[in-house]
Amino acid sequence: VFRCVKYLEGKHDREGKNPKIVIAGVTITFLKKTFSGALISLLDLTHTPYEYNKADNIMTVCGVQIFLIAVADEGMIFGYDVYAVFWDEMDELPTATSMAVMKALNDRARQNIEDSRPPFIVAATTSQGLKGAYQTYEEFLQKDISFILIRGATKDNTSLPPEYVQAMYRIYDDKETQCLLEGRFISVDSGLVFPQYSHSVHFLPYDMYQS
């Protein structure tokens, strides 16, 4: 987000308006504790001036407006024409809701900024969620929609001690390593016939053939 803001500094859309960015999460409270909280810490650390309208959840940094929005209900995503969307914890939502939110956010990412790449969405998630993120990934593949998948491998996290990372690789089996340490969409639970399996939803506490 910070790099995007610096990239957009001094630019305008075709109507002469300043660039707008959305930071989306399940709830505003969750965002303030995680994503936006980290952004504010970075702004303070780099002595970057900013304005924060806490009542409307709008930040202004280098002339770029940043809207914090909750996406638990896709019907509440309206009124924004933005250049970029940064969506945190995509798989915290139910599968159907997550996919509906993706479509709603895509409808809002339509602010064209002069001398810039087209508007875009960045969605972050864990690989073991296997819900809306995985379904969106599969849908994009099937419909030949352009996207970039960036896997966050544990070994690439320079903040972790090397010996800790090495221990993690020794602890996990091959499937767990691919999912939990290398960010691949793989179900680590045994006995699953499909990756979307949820015990609370799909398990019957009786033998259906004897009912």
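Let's see how each residue does on (1) open to solvent by 10 Å² or more (accessible area, probe 1.4 Å); (2) under 30 Å from Asp44 (Cα atoms):
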{"site": "Gln65", "(1), (2)": "yes, yes"}
{"site": "Glu74", "(1), (2)": "yes, no"}
{"site": "Val85", "(1), (2)": "no, yes"}
{"site": "Asp88", "(1), (2)": "yes, yes"}
{"site": "Thr97", "(1), (2)": "yes, no"}
### Query
Any idea how many residues of the stretch 159-180 are open to solvent by 50 Å² or more (accessible area, probe 1.4 Å) and either part of a helix (DSSP H, G or I) or in contact with a Gly (Cβ under 8 Å, 6 or more places away or on another chain) (or both)?
12
### Task
Six or more apart or on different chains, Cβ under 7 Å: which pairs go from a residue in the stretch 78-106 that's closer than 20 Å to Leu8 by Cα to one that's open to solvent by 10 Å² or more (accessible area, probe 1.4 Å) and among the aromatic types (Phe, Trp, Tyr)? Could you list them?
Tyr80/Phe67; Ala84/Phe120
### Task
Sort out which residues of the stretch 10-53 are open to solvent by less than 70 Å² (accessible area, probe 1.4 Å), in a strand (DSSP E or B) and farther than 21 Å from Asp81 by Cβ, and write them in order of number.
Tyr52
### Task
Pairs only if they're at least six apart or on different chains, beta carbon under 6 angstrom, first in the stretch 120-139 and at negative phi and of a type in the set (Ser, Thr, Tyr), second assigned to a loop (DSSP other than H, G, I, E, B) and open to solvent by less than 40 Å² (accessible area, probe 1.4 Å); list them, first residue then second.
Ser127/Gly183
### Query
When the residues of the stretch 137-171 are filtered to those that are at pLDDT 90 or above and hydroxyl-bearing (Ser, Thr, Tyr), which remaining residue is nearest to Met102 (Cα to Cα)?
Ser146
### Query
Take the residues of the stretch 111-148 that are of a type in the set (A, V, I, L, M) and within 12 Å of the chain's Cα centre (by Cα): which is most open to solvent (accessible area, probe 1.4 Å)?
Val122
### Query
From the residues in the stretch 54-93 that are of a type in the set (D, E, K, R) and either touching a strand residue (DSSP E or B) at 6+ places or on another chain (Cβ under 6 Å) or assigned to a loop (DSSP other than H, G, I, E, B) (or both), which one is modelled with the lowest pLDDT?
Asp73
### Task
Take the stretch 99-110 and flag every residue that is among the charged types (D, E, K, R) and surrounded by 20 or more Cβ atoms within 10 Å (Cβ to Cβ).
Arg108
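The values are calculated or read from the model by the stated rules, or taken from the named source; none is laboratory data. Since the structure is predicted, the reported quantities are computational estimates derived from the model, not experimental observations. For neighbour counting, all protein chains shown are included, and Cβ atoms are generated from backbone atoms with ideal geometry for every residue, glycine included. What goes into the accessible areas is simple: the full protein's heavy atoms, side chains included, and nothing from ligands, DNA or RNA. Shrake-Rupley method; radii C 1.70, N 1.55, O 1.52, S 1.80 Å.
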